[in-house]
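Every read-out reported here was derived from the displayed coordinates using simple, explicitly stated rules and does not represent laboratory data. These numbers come from a predicted model, not from an experiment. Using ideal geometry, Cβ is built from the backbone for each residue, glycine included, and neighbour counts are taken over all protein chains shown.
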Amino acid sequence: MKSSKKLTLYIFIALISGILFGWLLPQYAVKMQPLGEIFLKMVKMIIAPLIFATLTVGIAGHGDVKSLGKIGLKALIYFEAATTIALILGLVTANILKPGSGFSIDINTISISAVENMQTIKAHSFVDMIVNIVPTSIFDALAKGDLLQIVVFAVFFSLAVCAVGQKARPVLDILQSTCDVMFKFTEYVMKFAPLGVFGAISATIGQNGIGILLNYAKLIGITYFALILFVVIVLVLACKIINVSFRNIIKTIKDPALLAFTTASSEAALPKAMSQMEKFGVPKSIVSFVMPMGYTFNLDGSTLYLTLATLFCAQIAGINLSIEQQLMIMLTLMLTSKGIAGVPRVSLVILTGTLTSFGLPIVGVAVLLGIDQILDMGRTTVNLIGNCVATAVVARWENDFDYEKMQKFVKTL
């Protein structure tokens, strides 16, 4: 575990160094962005084969395909409960703390051309998401890194492997070897994480300036407060119910969580998070099934942010929304926030569509564009932690969580 502790330290040093470099030498810092992009591309090339191999081995290797439907249903029930609470917390926080009231920036001077361009990006509707979960080609799904399509193909592939029986054993052996290779591959890629973090954060500060953190301090503070509130009320409570230490989960996923925060990318953290949750005591079949599902149905941080941001946009424009209007917005976001993980600037795309649907001015989105990277760091981290907790909850619900394995692993941290 010494290497894991060293990686955490190096990533933290890279984060601080990136902030200082972006602040003191912004003209050079912006040129560091390729480091972050290269690292994210390295991670993306791992995800598709890793998920396909681990999920197929997890399902077909155990041969218990009947439990798959129950696991999926339980996961969806938990996902819906968690995201609904996240939406409610976003509304309550925005109404009480009013992040948009007294906003010091003159919105009339802000260009909305970027927002207008964003409206040309088509967000997936709930119906589109249902249709698009079935891949027309597994190679296309693997190339695009479409997690849900890969999961669907892997499930059917696993069913076929189980039906064939012993003759399919060589296929399982190859996929098991693929799992081992990909996890070792992940270890190699993670060694480049500090460079990727340094490049991403220094470019962000270099482009926007350190002052952006002060100008938007109230909004950033309220957003992070709401995210922390969700973690305490929902995730910590869920862990208490299943008798699993939330602190131990955080210790287990500290490296992927730090990656998610510094890169604002769920994909960067996913392979390592899956590996760590397996070591923590969650069966491979549940981890490899529930976590990819979670990135479509369980974006806790993003859904909370959407309600908070919607009310922020209304408040800076001086519009008071009634309780009925706010509830309607919440119900709309409950559907539109599903199945949009692959859309660039996902939360802002959905936010723009929501504001337009309810006749609210979209100029507020232009205000948020300037600090979206900072806000995305927080909501992406909460998305990751929420999905890791979800795997433990579903495993406990299935009476399949290995407490003895958890205790042994935690002692090594």
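Before moving on, here are some points about what is shown:
- Maximal additional length on extending the residue 176-residue 399 stretch stands at 77.8 nm, based on 0.36 nm per residue less the C-alpha distance.
- Net length gained if the chain between residue 81 and residue 210 were fully extended (0.36 nm per residue, minus Cα distance): 42.7 nm
- Ranked packing of 303-310, 352-359, 138-145, most packed first, by mean Cβ within 10 Å: 303-310, 352-359, 138-145
- Residue 44 paired with residue 217, simple spin-label distance in nm, labels 7 Å along Cα-to-beta-carbon: 3.7 nm
- Gyration tensor over the Cα atoms of the chain: the corresponding equivalent ellipsoid has semi-axes (square roots of 5 times the eigenvalues, largest first) of 35, 25, 20 Å.
- Couplings 3J(HN,Hα) of region 397-410, computed from phi: 4, 8, 6, 10, 8, 8, 5, 5, 5, 4, 4, 5, 5, 4 Hz, in residue order, whole Hz [Karplus 6.51 cos²θ - 1.76 cosθ + 1.60, θ = phi - 60°; x for Gly and Pro].
- Fully extending the segment from residue 8 to residue 187, taken as 0.36 nm per residue of separation minus the present Cα-Cα distance, adds 63.1 nm.
- Dipole orientation for region 370-413: of the candidates 371, 388, 403, 403 has the Cα lying most toward the positive pole (charges on Cβ; Lys, Arg +1; Asp, Glu -1).
- 17 Å reach of a label modelled at residue 237, 7 Å along Cα-to-Cβ, counting backbone N of region 276-316: 300-301, 304
- Note that region 255-263 has calculated 3J(HN,Hα) couplings of 5, x, 5, 5, 5, 4, 5, 6, 9 Hz, one per residue in order, obtained from phi through the Karplus relation 6.51 cos²θ - 1.76 cosθ + 1.60 (θ = phi - 60°); glycine and proline are x.
- Taking the Cα centre of region 2-412 as reference, the dipole from Cβ charges on Lys and Arg (+1) and Asp and Glu (-1) amounts to some 1100 debye.
- Peptide packing: for 239-248, 289-298, 82-91, 220-229, the average count of neighbouring Cβ atoms within 10 Å per residue gives the ranking 289-298, 82-91, 220-229, 239-248, highest mean first.
- Listed pairs 6/31; 41/218; 31/144; 167/411; 6/408; 74/408 exceeding 30 Å between Cα atoms: 41/218; 167/411
- Ordering of 253-261, 68-76, 311-319 by burial proxy (mean other Cβ atoms within 10 Å per residue, highest first): 253-261, 311-319, 68-76
- Just checking the listed ones, 231, 164, 389: in the Gaussian network model of the chain with Cα springs under 10 Å, the one fluctuating most is 164.
- Within region 222-236: backbone nitrogen closer than 20 Å to the residue 98 label point (7 Å, Cα to C-beta): 222-226
- Residue among 181, 348, 153 farthest towards the positive dipole end of region 2-412, charges placed on Cβ: 181
- Distance (nanometres) between label positions extended 7 Å along Cα→Cβ at residue 407 and residue 323: 4.9 nm
- Selected from 238, 12, 319, residue furthest toward positive end of dipole (region 2-412; charges at beta carbon): 12
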